[in-house]
Amino acid sequence: MENNDLVVLDGGMGRELARRGAPFRQPEWSALALMEAPETVSQVHQAYVRSGARVITTNSYALVPFHIGAERFAAQGEALAALAGKLARTVAGEADAGVRVAGSLPPLFGSYRPDLFEPARVSELAGPLIRGLAPHVDIWLAETMSLIAEPLALRALLPRDGKPFWVSFTLEDETPGKEPTLRSGERVADAVDALAAAGVDALLFNCCQPEVIEAALRVAADRLQSQGFSHIRLGAYANAFPPQPKEATANDGLDEIRADLGPLDYLDWAECWREQGATLIGGCCGIGPEHIQALSNRLG
């Protein structure tokens with residue numbers, strides 16, 4: 001597949017599980033369905049494939065102590081990651097040829113909280129996820145990264161298996177027009193430079209408002225071009241939340257879903273991202289199969 005070919009990604013897992021009546025509560029979030037009703041996870045993967053997604057992401061985002069607790073993580077983390085990988089791989093295998101599985105490597109210490117990052121514990125927490133997912137995934141996806149250091153630390157732990165490494169950063173939900181930054185306050189330009197030098201295969205922006213992504217893509221495209229890294233793909237998958245405060249933990253309660261981000265509204269944003277060079281486009285929290293269907297019908 002050529003780098004300028006658009007690939008439609010899937011949408012959010014947790015909200016779709018909840019919408020379908022799967023076991024869902026905090027703090028476990030999307031991990032609860034994996035533990036108590038894994039068939040519902042398969043059903044969500046299948047819905048996204050039917051909607052046109054060509055990459056589905058493992059339901060391993062909440063498999064960290066922050067969500068499932070330290071004791072359960074120590075006892076079951078690797079096995080649950082393996083189950084998440086197997087479920088996605090089975091659905092991809094049953095679909096038309098060409099559906100790939102991205103192994104989700106989440107923020108290990110809490111979403112939107114770069115201040116909680118503990119570099120000395122990355123191996124302890126990421127190791128079981130990587131071992132469990134490794135046999136089942138085609139792509140490694142470090143997603144919702146709030147700071148530069150975390151995906152670099154994850155990169156160092158990945159097996160030398162030749163699989164693409166994608167990194168997706170979450171952005172500060174600031175007023176459009178300002179220089180885009182990660183939730184750590186680090187500049188997007190600096191994040192692009194650091195990950196390009198580390199050999200990333202794709203850079204994406206996710207789990208932030210669609211309004212802030214266009215500027216980030218523009219900065220990223222300019223930096224990659226000027227540094228001779230134009231082969232690195234760009235992508236985006238926004239959430240449907242209002243702006244998130246700096247102290248947000250993504251586990252305090254269910255956020256409201258914006259009424260102005262229906263499938264066609266979201267498609268308008270996706271077309272803007274495509275114009276900025278994004279070739280990997282999907283959805284995050286609150287973006288469901290109907291949104292992915294609209295993307296696939298118009299852009300896929």
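Points to keep in mind about this one:
- Distance from the C-alpha centroid of segment 151-218 to that of segment 46-65: 20 Å, rounded to the whole angstrom.
- Packing-based ranking of 53-66, 229-242 yields 53-66, 229-242, ordered from highest to lowest mean Cβ neighbour count within 10 Å.
- Adding -39500 (n - 2.57) for every DSSP H run of four residues or longer, then dividing by how many residues the chain holds, sets the calculated 222 nm ellipticity at -13000 deg cm²/dmol.
- Taking all C-alpha pairs of segment 7-299, those more than 26 Å from each other amount to 36 percent.
- Nearest-20 debye value, the chain charge dipole, Cβ charges on Lys, Arg, Asp, Glu: 660 debye
- Per-residue 3J(HN,Hα) values for segment 81-95, derived from phi via the Karplus relation 6.51 cos²θ - 1.76 cosθ + 1.60 with θ = phi - 60°, read 4, 4, 5, 4, x, 5, 4, 5, 4, 5, 5, 4, x, 7, 8 Hz in sequence order (x marks Gly and Pro).
Every number here is computed from the coordinates shown, using simple stated rules; none is lab data. Owing to the predicted nature of the structure, the values given are computational and were not obtained by experimental measurement. Ideal geometry is used to build each Cβ from the backbone, glycine not excepted, and the neighbour counts take in all protein chains shown.
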